[in-house]
Amino acid sequence: MIYRRPSRVAFVSGDIGHTQLHVKALPDGEVHAMAGSAAMIWWYAAEGHCDVPARVAEEMGLDPSSIQDEVADFIDRLVEMALLEPADEAAE
């Protein structure tokens, strides 16, 4: 599934590699600080990459199959927190 950043979500990236982020659902959501793999997962998913585990694994020098489940679980949590949404819902 492809995801995207909802229009009501703002973020600030602390570095070029997007390994440090602050993400917030506007107007009154909680600020979520993310670092390392969490920040990479949010960034690649928010940018609409179709294979987030592969992108993160490549950055970290890991086998994508070794992180597939953890990445999917984290993305599910981000969707529940309204910090990501499925791209097909964004078009509605």
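Every read-out reported here was derived from the displayed coordinates using simple, explicitly stated rules and does not represent laboratory data. All values reported here derive from a predicted model rather than from experimental measurement. When we count neighbours, we look across all protein chains shown, and the Cβ atoms used for this are built from the backbone with ideal geometry, even at glycine.
Checked against the criterion of being among the aliphatic types (A, V, I, L, M) and part of a loop (DSSP other than H, G, I, E, B), the candidates LEU78, LEU83 yield just one match: LEU83. Restricting attention to the range 14-27 and to residues that are in contact with a Phe, Trp or Tyr (Cβ under 8 Å, 6 or more places away or on another chain) and over 14 Å from ALA82 (Cβ atoms), the residue that is surrounded by the fewest Cβ atoms within 10 Å (Cβ to Cβ) turns out to be HIS22.
When restricted to residues that are free of Cβ contacts under 8 Å to residues at least 12 places away in the same chain and in a helix (DSSP H, G or I), the range 48-64 contains 3. Within the range 28-40, take every residue that is without any contact (Cβ under 8 Å) to a residue 12 or more places away in the chain and in a loop (DSSP other than H, G, I, E, B) and give me the one that is surrounded by the most Cβ atoms within 10 Å (Cβ to Cβ). Checked the range 28-40; the qualifying residue surrounded by the most Cβ atoms within 10 Å (Cβ to Cβ) is GLU30.
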